[in-house]
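Visitor: There's a structure below that I have some questions on.
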Amino acid sequence: MKITIHPSKLSGNIYAAASKSSMQRACAAALLSTQKVVIKNPGHSNDDIAAMGIIRSLGATITEVDRETITIESSFLSDPAAIVSKEAAVNCGESGLSIRMFTPIVSLCNNEVLINGEGSLVTRPMDFFDEILPQLGVSIASSNGKLPLKVNGPLQPKNITIDGSLSSQFLTGLLMAFAAAPLTEAVTIRVNDLKSRPYIDLTLDVMKKFGLQVPENNNYETFTFTAAQPETLNLKPETLTYTVEGDWSGGAFLLVAGAIAGDIHVRGLQQTSTQADKKILEALMAANAGIAMDAKGITLHAAPMTAFEFDATDCPDLFPPLVALAANCTGVTVIKGVSRLAHKESDRGLTLQEEFGKMGIRVALDGDLMRVHGGPVKGAQVHSRHDHRIAMACATAALKADGPVTIEEAEAINKSYPDFYDHLKELGATVTGGLEYRDALNEIYSEK
């Protein structure tokens, strides 16, 4: 699908999409809960749909579906000592968080389960599991460190040391699994060189809200679980309600769009959120963007902006909106953390360099640093490379280009923010082309 973004002036109010980071973690926590769970403001991106499909395959029932509320009831832990998945296979779609978070959870099962994915996910390295899961009593077979994986548990929590430098998502999965497994003594996960610490804060926050055991966190270096106390864990309300917060990852594109071509007001982004991508506010302020914040939301208006320096090591998903922002700044912006970009939906460092190069923006890569030479942005034909954030970055930068920007494979946004182009149109952007959206909610929720 191709869409074309025309130079546009934005105005109006918009409510941010639901956070897939929050939604997917909520799905995992609901699977591990013995309570009926009500989730408000559920996400409906492809990654969210993948997470819901996984928990259904493992034994959860999802009902009462609409765009505002779903309910989840799980039988996964009905017998914690003998967990068996409902189905023999799960599919993680193209979701990196799902594969990394759910694999340890699936490994709680006493039966063999096939874990697979689609698209770019099948090329991402999964050596972590080959190394770690056998230490926890899990039999695993992979395709030379890639998907598909076959695991057969049950996972048995033990004192282990892991590498946290590639992604914090592996740790998220282990934390969830350890919290659900029977414990007879304290166990500790030791983590070396943990990246993206704010995402672990989000994981621990979700675990707490769902009544899972939250480990003692010693400066993100060790996470210690104590032996479960059944008399304490059973003191839970019959129904648990969780509201998925607004998505700072997708919201970052709206905020940058407003700084480039506003005046707009964005609601639904919690300024107290633990989401890593909330740091986009720091970048906007560093660029001297026209931004104001209050209890009702964030207001942005177009204003001359200047180059800035920013460390995105702990929030690598901000690179695409940061490049769109830097393209519209005077001077050379320096962004640190390029080493975190190789194993995304595309090699985002190179992809940003090549696709923004088509729009006349020079992006230089120097080790762990990216240097973005500001504008002017030119009209061009670019390609998403099947990467949702690349598509949104190009669309955002196009708002102030000197001509239309056409994006090939523009439907890549469905992975995280399927309403993105519609939201731009609501704010006054001229968007043309085949805007086709796949809404799989009814299929994924309906019980067969």
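Visitor: About its Cα centre, how strong a charge dipole does the stretch 184-294 have in debye, to the nearest 20, once Lys and Arg get +1 and Asp and Glu get -1 at the Cβ?
Guide: Numbers: 9 positive and 14 negative charges, 20 e Å.
The calculation lands at about 100 debye.
Visitor: Could you list, in their original order, any pairs among Lys20/Lys208; Lys86/Lys415; Lys2/Lys146 whose Cα atoms are separated by more than 21 Å? Spell out each step's value before the answer.
Guide: Working: Lys20/Lys208 18 Å; Lys86/Lys415 26 Å; Lys2/Lys146 31 Å.
Too far apart for the 21 Å limit: Lys86/Lys415; Lys2/Lys146.
Visitor: Taking the Cα centre of the stretch 126-195 as the origin, how large is its charge dipole in debye, to the nearest 20, when only Lys and Arg (+1) and Asp and Glu (-1) carry charge on their Cβ atoms?
Guide: Numbers: 5 positive and 6 negative charges, 27 e Å.
The dipole of the stretch 126-195 has a size of about 120 debye.
Visitor: Give the accessible surface of the stretch 57-115 per residue, rounded to a whole number of Å², with probe radius 1.4 Å and ligands, DNA and RNA excluded.
Guide: That works out to 36 Å² for each residue.
Visitor: Per residue, how much accessible area does the stretch 342-398 have with a 1.4 Å probe, in Å²? Intermediate values should be presented prior to the final figure.
Guide: Working: 1980 Å² over 57 residues.
I get 35 Å² per residue for the stretch 342-398.
Visitor: When the helices in the chain are scored as -39500 (n - 2.57) per DSSP H run of 4 or longer and the sum is shared across all residues, what 222 nm value do you end up with, to the nearest 500 deg cm²/dmol? Could the numbers behind the result be given before it?
Guide: On the way: 14 runs with 135 residues, N = 448.
Roughly -8500 deg cm²/dmol at 222 nm, from the helical runs in the chain.
Visitor: By the scheme Lys and Arg +1, Asp and Glu -1, what is the net charge of all other residues having a beta-carbon under 13 Å from that of Asp205? If you can, show how the numbers build up before the last one.
Guide: Details: positive: Arg25, Arg197, Lys208, Lys209; negative: Asp201, Glu245.
Residues close to Asp205 contribute a combined charge of +2.
Visitor: Something else now. With percent of Cα pairs over 29 Å apart defined as stated, name the option among (1) 45; (2) 53; (3) 41 computed from the structure displayed.
Guide: Calculated percent of Cα pairs over 29 Å apart: the matching label is (1).
Visitor: If you don't mind, there's one more thing I want to ask. Just list whichever of Lys378/Lys400; Lys9/Lys278; Lys278/Lys400 have alpha carbons separated by over 20 Å in the model shown.
Guide: On the way: Lys378/Lys400 9 Å; Lys9/Lys278 25 Å; Lys278/Lys400 24 Å.
Beyond 20 Å: Lys9/Lys278; Lys278/Lys400.
Visitor: Give me a comma-separated list of calculated 3J(HN,Hα) values for the stretch 389-401, in order, Karplus coefficients 6.51, -1.76, 1.60 applied at θ = phi - 60°, integers in Hz, x for any Gly or Pro.
Guide: Using θ = phi - 60°, the values come out as 6, 5, 4, 5, 5, 5, 5, 5, 4, 5, 4, 10, 6 Hz.
Visitor: Using only Cα atoms, tell me the angle between helix 248-261 and the longest principal axis of the chain; keep it within 0 to 90° and round to the nearest 10.
Guide: Around 10 degrees separate the two axes.
Visitor: Might you report the magnitude of the Cβ-based charge dipole of the chain about its Cα centre, with Lys and Arg at +1 and Asp and Glu at -1, to the nearest 20 debye? Before the final figure, lay out each step's value.
Guide: Working: 39 positive and 51 negative charges, 96 e Å.
Its charge dipole is roughly 460 debye.
Visitor: Restricting to the chain, what percent of DSSP beta bridges are antiparallel, rounded to 5? Please report the intermediate quantities before stating the final value.
Guide: Numbers: 48 of 72 bridges.
If we restrict to bridges inside the chain, about 65 percent are antiparallel.
Visitor: Here's something else I'd like to know. Tally the DSSP beta bridges in the stretch 242-359 and give the antiparallel ones as a percent, rounded to 5. Walk me through the numbers before you get to the answer.
Guide: Values: 9 of 13 bridges.
Taking every DSSP beta bridge with both residues in the stretch 242-359, the antiparallel ones total about 70 percent.
Visitor: Determine, for each peptide in 408-414, 375-381, 197-203, the mean count of other beta carbons within 10 angstrom over its residues, then list the peptides with the highest first.
Guide: Numbers: 408-414: 23.0, 375-381: 17.3, 197-203: 21.3.
Taking the mean over residues of other Cβ atoms within 10 Å, the ranking is 408-414, 197-203, 375-381.
Visitor: To continue, here is another question. May I ask you to derive the relative contact order of the chain, considering only C-alpha pairs under 8 Å and at least 6 residues apart, and to give it as an integer percent? List each step's numbers first, then the result.
Guide: On the way: 1063 pairs, mean separation 92.7, N = 448.
For the chain, the relative contact order is 21 percent.
Visitor: Taking Lys358 as the anchor, which aspartates and glutamates have their alpha carbon closer than 15 Å to its alpha carbon, excluding any fewer than eight residues away along the same chain?
Guide: Within the straight-line cut-off, Lys358 pairs with Asp402, Glu408.
Visitor: By DSSP, what percent of the beta bridges with both residues in the stretch 147-254 are antiparallel, rounded to the nearest 5?
Guide: Numbers: 7 of 11 bridges.
Just about 65 percent of them are antiparallel.
Visitor: Among 297-305, 360-368, 244-252, how do they line up by average Cβ neighbours within 10 Å per residue, starting with the highest?
Guide: Values: 297-305: 18.7, 360-368: 14.9, 244-252: 26.0.
The peptides rank, most packed first, as 244-252, 297-305, 360-368.
Visitor: Additional query: May I ask you to give the percent of accessible area on the chain that is carbon plus sulfur, with a probe radius of 1.4 Å? Could the numbers behind the result be given before it?
Guide: On the way: 7800 of 16760 Å².
Of the solvent-accessible surface of the chain, carbon and sulfur hold 47 percent.
The values are calculated or read from the model by the stated rules, or taken from the named source; none is laboratory data. Being a predicted model, the structure only gives us computed values, none of them experimental. Positions of Cβ are backbone-derived with ideal geometry, glycine not excepted, and every protein chain shown enters the neighbour counts. Just so you know, the surface numbers come from the protein's heavy atoms only, side chains and all, with ligands and any DNA or RNA stripped out. Shrake-Rupley method; radii C 1.70, N 1.55, O 1.52, S 1.80 Å.
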